[in-house]
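Here, each number is a calculation from the coordinates, and none is a lab measurement. Since we're looking at a predicted model, the values are computed, not measured. Cβ atoms come from the backbone with ideal geometry, glycine included; neighbour counts cover every protein chain shown.
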Amino acid sequence: TPTVGVLALQGDVREHIAALDEVGARGVLVRRPAELAAVDGIVIPGGESTTMSRLLELLELLDPLRAQLAQGLPAYGSCAGMILLASTVLDTRPDAHHLDALDITVRRNAFGRQVQSFETDLELSGIAGGPMRAVFIRAPWVEETGEGVEILARVPNGPAAGRVVAVRQGQVLATSFHPEVTGDRRVHRHFVEMITRSA
Ligand code: GLN
C-alpha cells in the first residue's frame, strides 16, 4: 500500500485524504520535512497558490519538496497544486514561488469573470470509463507545454473550449479542476497506479 502525502498547509486537504483512502492508498498529512521524507507520492491540493507558496517557505518545505520532485517523487497537483508544480506562472504575485516540476506555463485565475467557477464533463486521455465531471473553481489553465508533457484533457465547449486543463509529465500529474470534490475517484486511482508502477 503506497503512502501518499497530502500537503496540508491550506486548502482542501481532507477531501484528498478521503479520496486516496478510498482507492486503497494510505493518505497522510504533510506539514514538515520529516513527514515529506516518508511518503511515496505527494498531492498538492487546491486552495490559494500564493498563500501555499508563502507557507512552504515559512515551514522550510520549499527546498526539500523541490529536491524530492527533482529526484522523481510522484506528484499530483489540483488547481492551486497545478500552479505550484509549474515551471512558469502568469498572473501571479512576483514573489510567489513554484516548484518547477512540470514544464508548463499556467495562467492563474485564467477563466474570465463570467465563468470563474463552472462544471463540465470532459474526457481524460488514459483514463477509461467515459466522461468525468470536472469542477473548476477560480482555476488556472495551461497555456504552453514543453516537450515531454502529455496533454490529457481540454475544455470541451463554451467560451474556454480547447483550453488545456490536465497534463502529465513523467511522474507528475496535474489538473485545473477538483476531482476530490466529486465522487469520481478515477484521477486518484490513476495517480496511485502511477506511484505503484514507479516503485
Ligand atoms: N485561484 C487559486 C490560486 O491562484 C486556485 C484556486 C483553487 O485552487 N481552487 O491559487
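Brief remarks follow.
- Amide H within-cut-off set for Gly41, under 5 Å, with H built and near neighbours excluded: Gly5
- Sequentially through the stretch 59-65, phi angles give Karplus couplings (6.51, -1.76, 1.60; θ = phi - 60°) of 8, 6, 9, 4, 5, x, 5 Hz, Gly and Pro residues having no value and appearing as x.
- Residue ranges 158-165, 145-152 sort as 158-165, 145-152 when ordered by packing (mean number of other C-beta atoms within 10 Å per residue, highest first).
- Extension gain from Ile127 to Thr51, taking 0.36 nm per residue of separation minus the Cα-Cα distance: 24.2 nm
- Convex hull (Cα only) mean projected area of the chain, reported in nm² to one decimal: 9.8
- In a fully extended conformation the segment linking Asp100 and Thr3 would gain 32.6 nm over its present Cα-Cα distance, using 0.36 nm per residue.
- Cut-off under 5 Å, modelled amide H: who pairs with Leu99 long-range: Leu85, Ala86
- Cα convex hull volume per residue for the stretch 103-199 (Å³): 93
- Relative contact order [Cα under 8 Å, 6+ residues apart], the stretch 3-198, whole percent: 19
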